[in-house]
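Input: a single structure, listed below in structure tokens.
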Amino acid sequence: MDRTAVVGARYMSSWWRSVQPAPKDPILGVTEAFLADQSPDKVNVGVGAYRDDNGKPVVLECVREAERRIAGNLNMEYLPMGGSVKMVEETLKLAYGENSELIKEKRIAAVQALSGTGACRLFADFQKRFCPDSQIYIPVPTWANHHNIWRDAQVPQKTYHYYHPESKGLHFAAMIDDIKNAPNGSFFLLHACAHNPTGVDPSEEQWREISHHIKAKGHFAFFDMAYQGFASGDPEKDAKAIRIFLEDGHHIGIAQSYAKNMGLYGQRVGCLSVLCEDEKQAVAVKSQLQQLARPMYSNPPVHGALIVSTILSDPDLKKQWLKEVKVMADRIIGMRTALRGNLEKLGSPLSWQHITNQIGMFCYSGLTPEQVDRLTNEFHIYMTRNGRISMAGVTTGNVEYLANAIHEVTK
């Protein structure tokens with residue numbers, strides 16, 4: 001072999017030699033361990049996806065009907081870079097209000113995104129490009145992927161107080177202090193409703209105070225709204241924080257997702273919107289969001305957008321969706337009541353009031369990593385080690401078993 005071939009072979013054999021396996025995603029790792037467990041008693045309360053009372057995945061009837069209407073009637077051409085105009089229009093109404101003046105004035109720059117994750121990432125890249133010296137304040141704790149998103153967009157991160165472990169509620173005074181002490185004009189990531197992972201939301205009065213202090217400091221509020229309708233069963237009620245900020249005159253950003261509230265997990269359909277000063281600014285901002293999307297994925301997928309726009313633009317299908325999303329939310333609320341009731345019936349010396357005070361898919365139980373390990377090893381119950389229970393995995397068939405196990409490891 002000549003010298004050139006030797007050098008070439010050396011490079012080809014060493015391109016990826018330094019690559020180490022990535023750490024496992026903690027949530028997906030829970031599911032892998034659950035699937036490998038052969039116990040008939042095993043319970044998975046780690047997964048962040050809705051299940052019915054038999055523990056089965058659900059496809060909403062309004063989604064099935066929308067798919068029947070779509071099937072064979074539409075082509076599969078590319079969407080524009082900004083996505084489905086119809087889907088975006090209907091999505092903005094959910095967040096900003098059916099008769100929003102802001103929509104009528106065309107002050108909102110909005111594009112279809114790859115669910116909530118894609119919307120957050122697109123905004124993070126937009127922030128980095130146009131506010132390169134800014135940073136983002138993220139609550140402690142938050143959905144783990146938030147940190148990954150802003151890190152990979154190379155936006156510096158700071159944190160602000162949110163959860164209070166002793167009360168298992170909101171650390172409101174500390175949160176307000178952090179808002180006041182942040183440099184003027186900072187970016188703040190807020191969960192619009194059903195905070196993930198804690199299930200702890202500010203009250204309406206607290207939201208008004210948060211809005212006041214964020215405005216006084218000239219901060220920019222970016223809302224991640226992954227659970228509109230899924231938290232309380234009422235999309236209007238779940239948008240209350242956003243409406244308060246709009247009333248107070250903020251220019252906000254919103255990431256919206258249809259993964260949870262329509263069960264469209266695998267369709268990756270969502271929306272990113274940015275409220276601007278006027279129509280001219282909104283046109284400019286939208287053009288830049290589209291330009292950021294172009295080298296990432298060119299344009300978003302069509303099928304999920306068709307499902308959403310078909311449902312939301314048809315009064316009967318929308319009415320059916322509102323009914324079905326309330327059924328999902330009510331089942332989760334019912335399971336919270338049942339889990340708390342079973343623990344209290346067992347005579348637990350601890351307070352479990354936080355289970356019903358919290359809202360949305362997740363319950364931040366207060367269990368320690370060691371107690372979670374015992375639940376897994378002794379009772380075949382799977383959840384993330386921070387004690388987050390996915391209430392979607394709790395059913396009338398396993399809630400008593402779950403309560404007994406929690407009582408055993410906490411008494």
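The values are calculated or read from the model by the stated rules, or taken from the named source; none is laboratory data. Predicted model only: the values in this text are computed from it and were never measured. Note: ideal-geometry Cβ built from the backbone for every residue, glycine included; neighbour counts use all protein chains shown. With ligands, DNA and RNA removed, areas are computed over all heavy atoms of the protein, side chains included. Shrake-Rupley method; radii C 1.70, N 1.55, O 1.52, S 1.80 Å.
Estimated from helical segments only, the mean residue ellipticity of the chain at 222 nm is -15000 deg cm²/dmol, where each DSSP H run of four or more residues counts as -39500 (n - 2.57). Equivalent ellipsoid of the chain: semi-axes from √(5λ) of the C-alpha gyration tensor, largest first, are 33, 29, 25 Å.
D for region 288-337, whole µm²/s, Stokes-Einstein with Kirkwood Rh over alpha-carbon pairs at 37 °C and 0.692 mPa s: what number? After rounding, the answer is 241 µm²/s. The 1.4 Å probe gives accessible areas that order 189, 28, largest first, as 28, 189.
When the Gaussian network model of the chain links Cα atoms closer than 10 Å, the mean-square fluctuations of 92, 114, 246 top out at 246. Given in Å, the Rg to one decimal and the Dmax to the nearest whole number for the Cα atoms of region 79-313 are 16.5, 49. Taking a point 7 Å from the Cα of residue 386 along the Cα-to-Cβ direction, the residues of region 323-357 with backbone N closer than 20 Å to it are 354-357.
For region 50-162, a crude dipole built from +1 on the beta carbon of Lys and Arg and -1 on the beta carbon of Asp and Glu, taken about the Cα centre, is about 260 debye to the nearest 20.
Taking 30 Å as the limit for the C-alpha separation, the pairs 128/237; 24/323; 180/326; 104/319 exceed it in the case of 128/237; 24/323; 180/326. Its Cα centre serving as origin, the chain has a Cβ charge dipole (Lys and Arg +1, Asp and Glu -1) of approximately 780 debye.
Given a 1.4 Å probe and the protein chains as shown, residue 161 ends up with an accessible area of around 90 Å². Only the Cβ atoms of Lys and Arg (+1) and of Asp and Glu (-1) were treated as charged; on that basis the dipole of region 79-313 about its Cα centre amounts to roughly 660 debye. Farthest towards the positive end of the charge dipole of region 79-313, among the residues 175, 270, 249, is the Cα of 270, using unit charges on the Cβ of Lys, Arg, Asp and Glu. Peptide packing for 208-220, 329-341, 303-315 was compared via the average number of neighbouring C-beta atoms within 10 Å per residue; ordered from the highest value, the list is 303-315, 329-341, 208-220. Membrane-span-like helices in the chain, defined purely by DSSP H runs whose alpha carbon atoms cover 20 Å or more axially and whose average Kyte-Doolittle hydropathy reaches 0.5, do not occur.
Of the residues 83, 48, 249, the one that moves most in a GNM of the chain with alpha-carbon contacts below 10 Å is 249.
Only protein atoms count toward the accessible area here, which uses a 1.4 Å probe; on region 79-313, the carbon and sulfur part of that area reaches 50 percent. Sorting the segments 318-325, 179-186, 120-127 by their residues' average number of neighbouring beta-carbon atoms within 10 angstrom, most packed first, yields 120-127, 318-325, 179-186. Think of the chain as having a plus end and a minus end, set by charges on the Cβ of Lys, Arg, Asp and Glu; of 211, 403, 118, 118 sits farthest toward the positive end of this dipole. In summary, the lysines within cross-link reach of residue 411, defined as a Cα separation below 25 angstrom excluding same-chain residues under 8 places away, comprise 42, 168, 345. In the context of the full set of protein chains, region 79-313 has a per residue accessible area of 38 Å² (1.4 Å probe).
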